[in-house]
């Protein structure tokens, strides 16, 4: 019990540290001077893990693997034009490795990828149950 | 430091970071509170340029002096059993923001009753029916649409304790409640209800909520998948845009309809229809794109918008729509890598750029609708100064509501009223809508302005400002009386004429007095006039005193035979009957009943010196005969001719 209390103290310190960092070490909303910084929201660890999972699914070249981690509604539509050619899918997977987060929330994330110099966007989402899926590409 | 301690430190840090960021996008703790609080700021900024006397009110929604104690959500939860409330002490503006958040609590029931399809595309149902086969297996469909829930104006909606209906009820109770503490508690509830109403309004400006497009469930719900995928507009919406786009031009046609609206329901339905008809949600895109596009959510297609009716810019893979506001909005894009056969055009989607573009059109329309909501939700309180009684130094007035469609019953105010006489304040009690402040005649006469207001803990309601009127420009004053003597042997008519022009009138504020004396060989006429106008009711007469003495010079045989006629008239008007026409430059007393109301005293004394003759018809003495008339015979014809009797 004593150990637990001792450890809890570090938990609280960590929490307070983050609070201080986020609230007292950042510029105020009306900071003077121009700022072109665009908020990208968040990219939780679960999302990052799923993005890697999706990348691997494309790299596997398996259409079924991709569709299995895609929202049903979109899968119904995209299964008709998602190619069977593994090379094309792999190319998308390779591009996904270099994804850039445009904006992320606890439920939704939009990424940008580049293939042959052309930019495309795709989105991952989860429905509140923590299970991330491909929303569109 | 031990590894275990480091892990705990990181865990604590990570917990805060997770909590900090789990509050972004169109959900309750961030977007809706931002919508509501930005609306309050927008409103106060707008109102700060307005004269409260023109509006009849002044908003004090963010004034810390107006903190109101009430029950608020302090523990967010998925279900009622896991959601907690405690006492909070917030300003009305903060209660409005709080209502924006609390409307989504508990989150699971809220997730299914915050939908309103104005077109009732699915069997006429306006409530959420999309994906019903999935989630209804876990949670019973309440079958209630978002507007009836928020407004509480249907039997099903009555279940909502924080509806607009209850909010208005709390407002009315607060008006009638004499105890200041209880009044504040009622107002806390009322403003929280209004915050929840605005939450619904913001949902009506969010495409998935008005297009029967079920989307993500609350965070942490294990069967959240049943609600389907999150909507891009709702998820990619950045709350900071609310401030950025609040001042934008609203849709002129929607604005016209909103302005005409007499009920909160009309406002919400109009906004919902606008959003439904002009925007896609993520899964309700339809029309002719690279191919025929059907909604992903498996429901029927809405008749508008349609892809084929939008402007498509190939180089950008973007569908645009030009709105009557003048904005060119990005409605959807269809660039897709796997569709190279169709020149890289895939299934249309809404990305962050589209969301921001659409928000720039939707946010200004939310703002104008919210303003109308407030105008309709605010109790129609009228503070009126009914009477300024100079003689007794009293100011009397009323505070009550007038009837509107939202408030069909009149109620009277109980509580404090502040009466201002120039910079001096009188705090008086208003009971059942009536108040009276006691000052003094001299103070009221000197006062430049008089008004009253009530501090309704968030809104101050003002009376019309009674400004002291200027009369120095009135350069002519004309009074004309004819009096006949009823019952007199002579049946003589007398004419009393008071005609003063510019060089004779010297105003002292609201009054002037003048006397004149003219003599000729035959007569001497002496006139005195005192006029007092109402200082705060322009051109209304307060008091007139007229006095005229006519002496007809006549001597015979050394005897003074002068007849003296003395006329005296006092008029006092507290009922705003006598009005001075600046064009005609006269005061007209139209009816005998009006004259009766204002007449205080009228006398006509005729003193005749009657000669006494001897048998040679020579004056040898004088006999005084006095006739005194102080009544009016109202039975005689009234045509500016006063018939006097004894």
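When B:499, B:123 are sorted by how many other C-beta atoms sit within 10 angstrom of their C-beta, beginning with the fewest, the order is B:123, B:499. With a Förster radius of 45 Å applied to the beta-carbon distance between residue B:504 and residue B:612, the computed FRET efficiency rounds to 0.60. Once the Cα atoms are used to define both axes, helix B:3-21 deviates from the longest principal axis of chain B by about 50 degrees.
Sorting B:517, B:636, B:372 from the fewest to the most surrounding beta carbons within 10 angstrom yields B:517, B:636, B:372.
When the Cα atoms of region B:381-466 are aligned to their principal axes, the ranges along those axes come out at 43, 24, 19 Å in descending order. Taking the three principal axes of the alpha carbon atoms in region B:160-238, the coordinate ranges are 52, 26, 22 Å, sorted in descending order. Annotation for residue B:554 and residue A:119: the two label points, set 7 Å from Cα along the Cα-Cβ direction, are 11.3 nm apart. Pairwise inverse Cα distances across region B:477-645, averaged and inverted, put the Kirkwood hydrodynamic radius at 17.7 Å. Between residue A:72 and residue B:391, the simple label model (points 7 Å from Cα in the Cβ direction) yields a spacing of 8.6 nm.
Using the number of other C-beta atoms within 10 angstrom as an exposure proxy, rank B:440, A:65, B:643 with the fewest first.
Ordered from fewest to most neighbouring Cβ atoms within 10 Å, B:440, A:65, B:643 come out as B:440, A:65, B:643.
Separation of region B:143-221 from region B:222-295 is 20 Å, based on Cα centroids. Across region B:415-547 the C-alpha pair distances fall into 10 Å bins from zero in the proportions 10, 28, 23, 17, 13, 7, 2, 0 percent. By the compact-protein rule of thumb, 2.2 N^0.38 Å, the alpha-carbon radius of gyration of chain B corresponds to a ratio of 1.49.
Centre-to-centre separation between the Cα atoms of region A:93-131 and those of region B:309-375: 20 Å. Between helix B:180-204 and chain B, what is the angle of the helix's C-alpha long axis to the longest principal axis, kept within 0 to 90° and rounded to the nearest 10? With rounding to tens, the tilt is 50 degrees. Which three numbers, in whole Å and largest first, are the semi-axes of the equivalent ellipsoid of region A:45-136 derived from its Cα gyration tensor as √(5λ)? Ellipsoid half-lengths, sorted descending, are 19, 16, 11 Å. When Rg and the Kirkwood radius Rh are both evaluated on Cα atoms of the protein assembly as shown, their ratio Rg/Rh stands at 1.24.
The relative contact order of chain B, computed from alpha carbon pairs under 8 Å that lie at least 6 residues apart in sequence, is 9 percent. When you work out D = kT/(6 pi eta Rh) for region B:206-340 at 20 °C and 1.002 mPa s, using the Kirkwood radius from C-alpha pairs as Rh and the Stokes-Einstein form, the result is 128 µm²/s. Using only the C-alpha atoms, the convex hull of region B:3-376 corresponds to 177 Å³ per residue. Relative to the longest principal axis of the Cα atoms of chain B, the long axis of helix B:164-176 makes an angle of roughly 30 degrees.
Per-residue mean of foreign Cβ neighbours for B:292-301 is 2 (Cβ atoms of other chains, 10 Å radius).
Quick note: the coordinates plus some simple rules give every number you see, no bench work behind them. Predicted model, so just to flag it, every value in this text is computed and none were measured. Cβ: placed from backbone, ideal geometry, glycine included. Neighbour counts: every protein chain shown.
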